[in-house]
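Okay, so here's the structure we're looking at.
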Amino acid sequence: MKVCVIGNGLVSLTLANVLIQKDLFVDICAIKKNDLKDQSRTLGISKSNVDYFNNEILDIKEILWKIKNIKIYTEKNNKEELLKFDNKDNQIFSIIRNNELHKLLFNKLKKSKFVRFKESHDVDKSKYKLVFNSDPTHPIIKKFFSSKIEKKYNSCAYTTTIIHKKIKNNTAYQNFTKIGPIAFLPISDTETSIVYSLKAFIKKSDLEMNDLVKKYNPIYSIKKINVWKNFQLKSSSLRNYYKDNVLAFGDLLHKIHPLAGQGFNMSLRDIKILSSLIDEKINLGLDLDESICQEFQKNSQSQNFIFSSGIDWVYELFNLESKINSDLLKKSISVIGSNKVVNQFLKKFADSGIRY
């Protein structure tokens, strides 16, 4: 049986690696090659998804950096932790460079007899049992996937990495500043990734961004700040996940604010659901058809929307805190976060979403 995956980003290549393990022939169609020059982009992968990757897709242990603690502050309480999550014996989540993961996924696919790479602007869906589209720029989106719930944050995400003196670097820091959340995400003992979601209509220069890093730097003795990259921020959720045998996936399906690092994790949870549905069909000796798309939407759409709304609620909550002068919000969050049951729930929510 032959299927098609549109796009050559991380979600597309991860999905393709899952599909070939089911002995499905996979055409990977992309308009252009993926640019791997940007080494400032990193992503967080929850512990449960790391386990899934290592056990079911490929071993990524060698390119992961474990995060054992998360400390959260606001600008008003810069010296006092508002929330704290830790797991001293293991990791809460891991940080990985986008380009390193992409290379591993691509190299495994390149060796497979079940994979064919095609540069194509047009995909004939009648030639495939199923088509999975995770490329928001592909022409097929204009035909099938234009109806969505969208929110613009009127802000940009600025990303870079800093080189610093060697330290034991397993703690992530998040500071909700007046102009947006800044995250310090360790990727080695001497290097840390920075993501600053900045409320700004005018593009900031590298020098301006460097000054902001120095202002909110939690612990690092910085030797060098690398070049900054930036992109517009918005969230979106598709109203309809599929059309006939074409199923939307990845960022096309749902896009969320990066403050919690959950975008790729949501897609991995979607892959688990889709993989189970395909396995069920194959085990019953049934053909792959659009009923899989229907079942996928039924099993994932409401949960994805609730999870996305939860991330947006967190953003707006801290956004409110930056605007008001009262300490009431800070005290309320501190009380909630110090409750062991609530703290454990929040960690599980971030690790596994609301389905597992």
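The values are calculated or read from the model by the stated rules, or taken from the named source; none is laboratory data. As the structure is a computational prediction, the values presented were derived from the model and not from experiment. FYI the Cβ positions are ideal-geometry reconstructions off the backbone, even for glycines, and counts take in every protein chain you see. Ligands, DNA and RNA are excluded from the accessible area calculation, which covers all protein heavy atoms including side chains. Shrake-Rupley method; radii C 1.70, N 1.55, O 1.52, S 1.80 Å.
Worth pointing out:
- Any pair with Cβ under 7 angstrom, 6 or more apart, that starts in region 23-43 at a residue that is open to solvent by 20 Å² or more (accessible area, probe 1.4 Å) and ends at one that is at pLDDT 90 or above and assigned to a loop (DSSP other than H, G, I, E, B): Asp23/Phe114; Phe25/Phe114; Asn34/Asn8; Asn34/Gly9; Thr42/Ile187
- Scan region 284-310 for residues that are of a type in the set (Asp, Glu) and surrounded by 14 or more Cβ atoms within 10 Å (Cβ to Cβ) and the total you get is 2.
- Filtering region 227-247 to residues that are assigned to a strand (DSSP E or B) and touching a Cys at 6+ places or on another chain (Cβ under 9 Å) leaves Asn230, Phe231, Gln232, Leu233, Tyr242, Lys243, Val246, Leu247.
- Within region 200-226, the residues that satisfy the criterion of being open to solvent by less than 60 Å² (accessible area, probe 1.4 Å) and either assigned to a strand (DSSP E or B) or not polar (S, T, N, Q) (or both) are Ala200, Met209, Leu212, Val213, Tyr216, Pro218, Tyr220, Ile222, Ile225.
- For region 184-240, a residue qualifies if it is aromatic (Phe, Trp, Tyr) and either farther than 20 Å from Glu150 by Cβ or at pLDDT 95 or above (or both), and the qualifying residues are Phe184, Tyr196, Tyr216, Tyr220, Trp228.
- Close pairs (8 angstrom Cβ cut-off, 6 or more residues apart or separate chains): under 26 Å from Asp189 (Cα atoms) and without any contact (Cβ under 8 Å) to a residue 60 or more places away in the chain in region 199-225, part of a loop (DSSP other than H, G, I, E, B) and open to solvent by 70 Å² or more (accessible area, probe 1.4 Å) anywhere: Asp206/Val227; Tyr220/Lys165; Ser221/Lys165
- Residues of region 190-199 that are outside any strand (DSSP E or B) and in contact with a Phe, Trp or Tyr (Cβ under 9 Å, 6 or more places away or on another chain): Lys199 alone.
- A Cβ distance below 7 Å, combined with a sequence gap of six or more or placement on separate chains, defines the contacts here; from region 140-153, residues that are over 28 Å from Glu316 (Cβ atoms) and in contact (Cβ under 8 Å) with a residue 40 or more places away in the chain reach residues that are assigned to a strand (DSSP E or B) and open to solvent by 50 Å² or more (accessible area, probe 1.4 Å) in the pairs Phe144/Lys243.
- Residues that are open to solvent by 30 Å² or more (accessible area, probe 1.4 Å), of a type in the set (A, V, I, L, M) and closer than 30 Å to Ile70 by Cα within region 251-283 comprise just one, Ala260.
- For region 62-180, the strands (runs of 3 or more DSSP E) that sit wholly inside it and include 1 or more residues that are modelled with pLDDT of 85 or more, buried (at least 20 other Cβ atoms within 10 Å of the Cβ) and among the basic types (Lys, Arg) are 93-97.
- For region 233-242, the criterion of being more than 28 Å from Glu316 (Cα to Cα), open to solvent by less than 20 Å² (accessible area, probe 1.4 Å) and out of contact with any helix residue (DSSP H, G or I) (no Cβ under 8 Å at 6 or more places or on another chain) is met by none of the residues.
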